[in-house]
Amino acid sequence: MPVHGARAGNWPYAIPDRPLPVCSCKMNHIRQYGKRNCGQIAVAVVTGKTVAEIEAIVGHCHGTKTKELVSVLRFLNYACADKCRRKPDDVPVPTLALAQLRRPGRAGWHWIVVADNMVYDGHYYEAEPLAAYIAVRTALGERITSWLPIVKPASTVLQWHISGRIDASAGSVPENG
């Protein structure tokens, strides 16, 4: 059952009585040099940790699954959903999120960070405005297909904001919807 008028599958966008917190993110862009560690880089950008620290927590330095990144974010006290949410075109961009970029003819995806309408992509030399990034990627046939919205740092109040209820068990953030 959706919480506070939220539509199922639309977490955390449709919570009219509780607007999302503003990010005002000041992040360092990190380049990805030929490795398949875009997920670790994305989490390092969000958390301010080094890529080596994130790789140590994940346990490897190659392609990552959403579940692995969620575990690392929660370990570092960030609140997020259990899985990525599909990105409908009519939904506002999250203030802070990991996003999956799909490329035609390739299996899997590429992790990027979206924060305050800027994109941090390890394949780029610096952060790019979201609109310009999407225009270039669309021209290449690529698209952002889903988001993993993040709230930092996780606290009881922010966990309630995300879920509509408190789950005191092991600091987990309950799934909404």
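All of the numbers you see were taken from the coordinates with simple rules; none came from a lab. Keep in mind the model is a prediction, meaning the values are calculated, not measured. As a convention, Cβ positions derive from the backbone with ideal geometry for all residues, glycine included, and neighbour counts pool all protein chains shown.
The table below gives the values:
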item	result
Ranking of CYS84, CYS61 by count of other Cβ atoms within 10 Å, fewest first	CYS61, CYS84
Relative contact order %, the range 38-163, counting alpha carbon pairs below 8 Å whose residues are six or more apart	29 percent
Lysines with Cα under 25 Å of LYS65, excluding same-chain neighbours fewer than 8 positions away	LYS35, LYS49, LYS83, LYS87, LYS152
Dmax and Rg, reported as Rg then Dmax, of the range 38-163 (C-alpha, Å)	14.1, 43
Charged-residue dipole, Cβ positions (Lys, Arg, Asp, Glu), the range 38-163 about Cα centre, Debye nearest 20	440 debye
